[in-house]
Structure formats: structure tokens, C-alpha cells
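**Q** Okay, handing you the structure first.
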Amino acid sequence: MANPILQARTAAKQAAHILPHLKSSMTILDVGCGPGTISLGLAEAVPNGKVIGIDLNPASIKHAQELAIESGSTNATFQVGGAEDLAAFPDASFDAVHEHQLLPYMPKPVEAIREWRRVLKPGGILSLRSCSFIINVPELPGLVAYFTHLPKILSRRGGDVHAGRKHATWLHEAGFDLKNARLDSVAWELSGADGRMTFAAGAGNRLREPLLALGMATEKECDGIRNAWEEWKGMEEGRVITLDSAVLAWK
Ligand SMILES: C[S@@+](CC[C@H](N)C(=O)[O-])C[C@H]1O[C@@H](n2cnc3c(N)ncnc32)[C@H](O)[C@@H]1O
């Protein structure tokens, strides 16, 4: 089963910054598309065009393909692939390239953005949305531990949980002219019983394996994190709020 946090995402919510710039016949590449919910929303916005979603995870791609069939989408296709090597795609083959929350996991973000720029047509749009800041309420000790460990685990793998803060720098280094970019930020909030249930289901044991493998926490500490998410799930005041950098850059 796909990660429930990712399954709840939509283009209307998570790609709102690019939707007004899409035209019906555009061809879009969604890099690190996960289970494809955002890609399918983008496909609806380009009914005479198409969306290709790529992701390293074969299970996510299979889920996205099934979802495309279920939803009757005829202009979205999905394939397994790494977002930093788009050798399968010629130069200038897309009107837009979109990423949502992939950059935090990428050890070589500038090289990746340069590759995304290569496959964009002149005048094409690069759309980035990644986290700049996370707030969790209330600050249960197990959740503080979770949000303290998360950046460390990502950084041990070469990523950056706050990748959104570096969007502009990376765009510049990858060859984009920031005069042709729109830098913006959007807040995202997860709250309410359904939202908490979804988030807690994804987060509860998410860090257990890397924390144990990297010797960063004991089984008991991992149990504490999981129990904190269980407790938080039932708290009406429970919220996770992120501030995301949402950027458009024209080639
Ligand atoms: C946080 S998820 C975001 C998924 C989707 N964009 C969304 O917001 O629903 C990050 C995704 O990036 C994928 N991923 C990580 N590194 C990748 C890479 N180098 N190339 C392609 N996909 C990658 C993961 O498999 C995962 O599906």
C-alpha cells in the first residue's frame, strides 16, 4: 500500500502555484512522482497534452499506474527512473518539469536541476515545491525526537529536509536566471481527525529502520516515537504545519 500521506496529495493543493500557467496541450514531466496523485491532477489540467511521472520506487509507479486506470486518465503515464539522469528524454522535450518534495532527498540537487533544465523547451517552466520549515503541535517529547532525527537522517543520506530554503541558490547554480523566476512560499497544514490519522500512520514507524541501522536510537526510543504519534493522533489540538518554498523558473 502506498504511503497514506502521499496518497492524500492533490495537484489543486500541492501544485497550485503552477496550475494557472498550464495550457491544455502542454507536456509535463513530474519527477519523483510517488503514487501519482499530483501527476494525475496535472494531467487533468492539460487534457490535450500529457504527463509523464517518474520515480525510483517501482511500488509507487505500480500504484500510480493502477490509479491512472481507476481514474480513467488517458494522458498520464508512469515509469521507473532516477530524476537526476533523464537520458531517455531528448533536450527540450517538455513544456514543464515539476517536483514536489523530491529535492529534500537528492544528494546532488544542482546536477538534477541542470538535467531538468536540459529537458525543458526554451520558455518552459520548472516548478519546485519543497519544505523550508516544519512546526509540530503540541511538542510531545516523542515528536520532538522525530523532528530532531528526521533532518539528521536525510543529511546522512546526502539530502536536506529544508531543501526549500536553497531553491533560489540551486536554480542560479543550475543555470536559471532568477529574473525569470517567481519565488514564493505556501503554508501547508495537517490537522483534523482524518488528517492526523493519515499522518500518524505514515510517520509512526517511518524512522525506526534508519534510526536503528545508523545506531542513532534504541528500540525503546523508537517505541517512544511511535507511541507519541499514537497519542498525537487522538489529540484534537494536534497539527503539523510546514512552510514550503513554491518556485517557478522559466528557461
Ligand atoms: C516525499 S515523496 C514525494 C512524492 C510525490 N512527489 C508527492 O508529493 O506525492 C519523494 C519521492 O521521490 C522518490 N525519489 C527519491 N529519490 C529519487 C530519485 N533520485 N529519482 C526519482 N525519484 C526519487 C521517492 O521514491 C518518493 O516517491
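Here's the yes/no breakdown for (1) touching a strand residue (DSSP E or B) at 6+ places or on another chain (Cβ under 8 Å); (2) touching a residue at least 12 places away in the same chain (Cβ under 8 Å); (3) among the aliphatic types (A, V, I, L, M):
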{"residue": "D30", "(1), (2), (3)": "yes, yes, no"}
{"residue": "P35", "(1), (2), (3)": "no, yes, no"}
{"residue": "I38", "(1), (2), (3)": "yes, yes, yes"}
{"residue": "P47", "(1), (2), (3)": "no, yes, no"}
{"residue": "N57", "(1), (2), (3)": "yes, yes, no"}
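**Q** Test each condition in (1) without any contact (Cβ under 8 Å) to a residue 12 or more places away in the chain; (2) not in a helix (DSSP H, G or I) for K121 and report the one that comes out false.
**A** (1)
**Q** Pick out the one residue from A11, A15, A59 that is within 14 Å of the ligand (Cβ to nearest atom), under 20 Å from S245 (Cβ atoms) and modelled with pLDDT of 95 or more.
**A** After applying the criteria, what remains is A15.
**Q** Determine, yes or no, whether Q79 is over 15 Å from L128 (Cα atoms), of a type outside the set (S, T, Y) and more than 11 Å from the ligand (Cβ to nearest atom).
**A** Taking the combined requirement at face value, the residue does not satisfy it.
**Q** Same structure, new question: Go over the candidates K152, K179 one by one and state the one that is loosely packed, with under 14 Cβ neighbours inside 10 Å and not hydroxyl-bearing (S, T, Y).
**A** On inspection, the qualifying residue turns out to be K179.
**Q** Do any residues in the range 80-95 that are within 18 Å of G49 (Cβ to Cβ) and without any contact (Cβ under 8 Å) to a residue 40 or more places away in the chain have Cβ atoms under 6 Å from those of residues that are more than 10 Å from the ligand (Cβ to nearest atom) and in a strand (DSSP E or B), where the two are at least six apart or on different chains, and which pairs are they?
**A** A92/K121
**Q** Still on this structure, please answer the following. Of the residues in the range 22-49, how many are buried (at least 20 other Cβ atoms within 10 Å of the Cβ) and either more than 10 Å from the ligand (Cβ to nearest atom) or more than 16 Å from T10 (Cα to Cα) (or both)?
**A** Number of matching residues: 10.
**Q** If we scan the range 182-195, do we find a residue that is in a strand (DSSP E or B), surrounded by 13 or more Cβ atoms within 10 Å (Cβ to Cβ) and of a type in the set (F, W, Y)?
**A** Yes, the range 182-195 has at least one match.
**Q** Taking the range 201-251, which residues are buried (at least 16 other Cβ atoms within 10 Å of the Cβ), of a type in the set (A, V, I, L, M, F, W, C) and part of a strand (DSSP E or B)?
**A** Hits for the range 201-251 are V240, L243, A246, V247, L248, A249, W250.
**Q** Moving to a separate point now. For the range 89-98, how many residues are within 13 Å of the ligand (Cβ to nearest atom) and either over 27 Å from H162 (Cα atoms) or surrounded by fewer than 24 Cβ atoms within 10 Å (Cβ to Cβ) (or both)?
**A** Final tally of qualifying residues: 0.
The values are calculated or read from the model by the stated rules, or taken from the named source; none is laboratory data. The shown structure was predicted, so the numbers you read here are calculated from the model rather than taken from an experiment. For neighbour counting, all protein chains shown are included, and Cβ atoms are generated from backbone atoms with ideal geometry for every residue, glycine included.
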